[in-house]
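Remarks on the structure that follows.
The values are calculated or read from the model by the stated rules, or taken from the named source; none is laboratory data. Keep in mind it's a predicted model, so treat the numbers as computed, not measured. Glycine gets a Cβ as well: all are built from the backbone with ideal geometry, and neighbour counts include every protein chain shown.
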Amino acid sequence: MAKVGKTLITVGFLIFGGAVAWWFLFFEQYFGGDVKRASECFYFTSDSCSLGHTVEFVGSVPAYSPVALWVAASIFVIGVVLLSLAPLRR
């Protein structure tokens, strides 16, 4: 169970890194160096974030979805739980 937990933690980190890169690349097309303006779009899709989806066809990166972040967080948490439930090696 410990190996599965460690694997899920690693996969969660990798997906999280991919979500950060995807978010940055998508919103950098519209905001340039000021991507902080889209910081709430990283974890939640508000009305202003959904405007980016309407102009998606103009950019070269597919529209960002915060689902990737939540999937990464879920996989990471499951991995942590499995790792904590694994018996200790002596």
Open item on the list: touching a Leu at 6+ places or on another chain (Cβ under 6 Å) and at pLDDT 95 or above: which single residue out of G12, G79, G18 fits that description?
Closed with: G79
Task: Where a residue in segment 46-71 is within 15 Å of F31 (Cβ to Cβ) and its partner, wherever it lies, is of a type in the set (D, E) and modelled with pLDDT under 70, with Cβ under 8 Å and at least six apart - done: A63/E56
Task: Members of segment 1-31 that are touching a residue at least 12 places away in the same chain (Cβ under 8 Å) and of a type in the set (K, R) - done: K6
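Among the residues of segment 46-53, are any at pLDDT below 95, outside any helix (DSSP H, G or I) and exposed (fewer than 12 other Cβ atoms within 10 Å of the Cβ)? Outline the logic, then answer.
In the first step, residues of segment 46-53 are kept if they are at pLDDT below 95; the result is 46-53.
Applying the additional criterion that residues be outside any helix (DSSP H, G or I) yields 46.
Filter once more, keeping what is exposed (fewer than 12 other Cβ atoms within 10 Å of the Cβ): 46.
Within segment 46-53, one or more residues are at pLDDT below 95, outside any helix (DSSP H, G or I) and exposed (fewer than 12 other Cβ atoms within 10 Å of the Cβ).
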